[in-house]
Amino acid sequence: MARRMMQVPACVAHLKKGEEVPGIVPLTLGDSIWDLCLEHAGRFEAHFEELFSPDSEDAEEEEPDEGQDEEEEEEEEEEPQSVVITGTVAGYSASEARSAVEAMGYTIAGHADENTAFIIVGKRPAPHKIKEAQEFQTPVINAAEAGVLSAMISAGELNPRGELPVVKAKLTASDVREAK
């Protein structure tokens with residue numbers, strides 16, 4: 001029996017960076033078709049959702065109802081929620097993870113505080129960021145395993161439902177001297 005070899009197209013976004021990643025999601029606009037990986041398909045999905053959402057800048061502005069509460073007006077003026085990313089997120093470089101989360105409407109913060117929406121924890125997270133997240137009881141997305149973050153991005157929603165890992169603090173030179 002003869003074997004059939006099928007060639008999987010490469011993600012056009014990765015090809016531009018000189019990388020070859022399978023493009024398993026076709027993006028079709030009119031007569032043009034682009035093959036994308038799950039990561040880039042999720043990014044485009046987020047861009048299209050933002051572009052075509054009723055509250056986008058291009059949408060016609062509606063006159064507010066006279067009965068609109070002041071609370072609703074305050075909600076509209078809220079800043080994007082902040083997110084902390086620590087460690088190596090499986091399937092993403094640091095800049096790709098930041099871009100993907102920012103494309104979903106979040107801002108990236110360097111440290112967790114009482115206003116942090118959640119923390120995304122990859123492999124080898126910074127112990128001080130884990131400690132801050134514990135202190136403020138920050139919700140967690142455990143993104144150390146491949147596909148966790150990309151699946152959430154593809155679904156269009158980041159759902160924190162993980163647990164903070166136990167991380168040993170790094171030893172400093174003074175810690176080593178004191179131990180002797």
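The values are calculated or read from the model by the stated rules, or taken from the named source; none is laboratory data. Bear in mind the structure is a predicted one, so any value in this text is a computation, not a measurement. Every residue, glycine as well, gets a Cβ built from its backbone with ideal geometry; the counts of neighbours run over all protein chains shown. Heads up: the accessible areas ignore ligands, DNA and RNA and are worked out on the full protein's heavy atoms, side chains in. Shrake-Rupley method; radii C 1.70, N 1.55, O 1.52, S 1.80 Å.
Which residue, of E72, E66, E39, is open to solvent by 80 Å² or more (accessible area, probe 1.4 Å) and either part of a loop (DSSP other than H, G, I, E, B) or at pLDDT 75 or above (or both)? Spell out how you get there, then give the answer.
Numbers: E72 fails: either part of a loop (DSSP other than H, G, I, E, B) or at pLDDT 75 or above (or both); E39 fails: open to solvent by 80 Å² or more (accessible area, probe 1.4 Å).
On inspection, the qualifying residue turns out to be E66.
Of the residues V83, V101, V89, V121, only one is surrounded by 17 or more Cβ atoms within 10 Å (Cβ to Cβ), more than 18 Å from R43 (Cβ to Cβ) and touching a residue at least 24 places away in the same chain (Cβ under 8 Å); which? Quick ask: steps written out before the conclusion?
Details: V83 fails: more than 18 Å from R43 (Cβ to Cβ); V101 fails: more than 18 Å from R43 (Cβ to Cβ); V89 fails: more than 18 Å from R43 (Cβ to Cβ).
So the residue among V83, V101, V89, V121 that is surrounded by 17 or more Cβ atoms within 10 Å (Cβ to Cβ), more than 18 Å from R43 (Cβ to Cβ) and touching a residue at least 24 places away in the same chain (Cβ under 8 Å) is V121.
For the stretch 129-158, give me each residue that is in contact with a Gly (Cβ under 7 Å, 6 or more places away or on another chain), under 21 Å from D113 (Cβ atoms) and of a type in the set (A, V, I, L, M).
V140, I141, A143
Just checking, does the stretch 170-180 include any residue being under 30 Å from A13 (Cα atoms) and either under 10 Å from the mean Cα position of the chain (by Cα) or open to solvent by 30 Å² or more (accessible area, probe 1.4 Å) (or both)?
If we filter the stretch 170-180 for residues that are under 30 Å from A13 (Cα atoms), which is where we start, we get none.
No, there is no match, as no residue in the stretch 170-180 is under 30 Å from A13 (Cα atoms) and either under 10 Å from the mean Cα position of the chain (by Cα) or open to solvent by 30 Å² or more (accessible area, probe 1.4 Å) (or both).
Just to confirm my filter: which strands (runs of 3 or more DSSP E) fall fully inside the stretch 100-145 and include at least 3 residues that are within 10 Å of T86 (Cβ to Cβ) and out of contact with any Asp or Glu (no Cβ under 6 Å at 6 or more places or on another chain)? Quick ask: steps written out before the conclusion?
Numbers: elements: 107-109, 116-121, 140-142.
Strands (runs of 3 or more DSSP E) meeting the threshold: 116-121.
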